[in-house]
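Derivation of every value follows stated rules applied to the coordinates shown; laboratory data play no part. Since this is a predicted model, take the numbers as computed values, not measurements. Backbone-built Cβ (ideal geometry, glycine too); neighbour counts: all protein chains shown.
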């Protein structure tokens, strides 16, 4: 090989390799900054004490420190159309989604059911304020179902059942839909010291519903469509436990499939564990043992 060719290979080639190394080093740094550290810093810059962050993006303790800043919510919404519709109702921090709390409700308010999510969750438009709330029945717990996302009037995102996840999950949704969809309901609860109904772990008001003078939770439990929900305090819980006993005796709804424990064997392990404690509490309430 000629001298000038060797020089070119050792000179220009070496410079090219060094340039490529520098290029990929800078590119990796940019990815780390804007893909990892950057969103944390940017979300911190958009926060104030009300959101639970300080100016550097560090997490601060406090009751309201669950929610991310508006900047962080917009960043989450920019990840795609599906995430955008999800992001305006939820805030993300620490790898967990936190639901935006629904408007507060007073006992005795009237509303119209505009959408049924599953066998124990619905959307209601309040007559007095015109606000739309997502509520969870305080006294009934229905089997789980697979859900699909849907759009509600006004652009809200929600879900509805499309098939069984647990045994009788989809049927419970259909029965709930036929019972309350499009109908006027009266909402009730045992109000707290502030006069408003309590909320559950997802920010949904825990309410009872009456349609055509009938207690919806009692109708579902007595029809073998749901179980009494003992996780939260409810003034009508004893009534719901007795309604389930009637459903067992008459083999209503899901109880047609066999004995109580044969039916529960078709549910998830989580539901089976929960039902064991539910059953014990119902026995204490109704029979004192």
Label points 7 Å out from Cα along the Cβ direction at residue 231 and residue 280: separation in nm? 1.8
Stretched out fully, how many nm does the piece from residue 165 to residue 260 gain, at 0.36 nm a residue minus the Cα gap? 32.3 nm
Packing rank of 215-222, 242-249, where each peptide gets the mean count of other beta carbons within 10 Å, highest leading: 215-222, 242-249
Placing each pseudo-label 7 Å from Cα in the direction of the beta carbon, residue 191 and residue 128 end up separated by a distance in nanometres of 0.7
On the principal axes of its Cα set, how long, how wide and how thick is the stretch 110-287? Give whole Å, largest value first. 45, 37, 29
Along Cα→Cβ, 7 Å out, is where each label goes; now give me the distance between the ones at residue 152 and residue 174 in nm to one decimal. 2.4
Full extension from residue 17 to residue 212: what is 0.36 nm times the residue separation minus their Cα-Cα distance, to one decimal in nm? 62.3 nm
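On full extension of the chain, what length is gained from residue 251 through residue 28, given 0.36 nm per residue of separation minus the C-alpha to C-alpha distance? If you can, show how the numbers build up before the last one.
Numbers: separation 223, 0.36 × 223 = 80.28 nm, distance 6.42 nm.
Taking 0.36 nm per residue and subtracting the Cα distance, the gain is 73.9 nm.
Taking 8 Å as the Cα distance limit and 6 or more residues as the minimum spacing, I'd like the relative contact order of the stretch 148-208 as a percentage.
Values: 44 pairs, mean separation 10.1, N = 61.
Normalised by residue count, the contact order of the stretch 148-208 is 17 percent.
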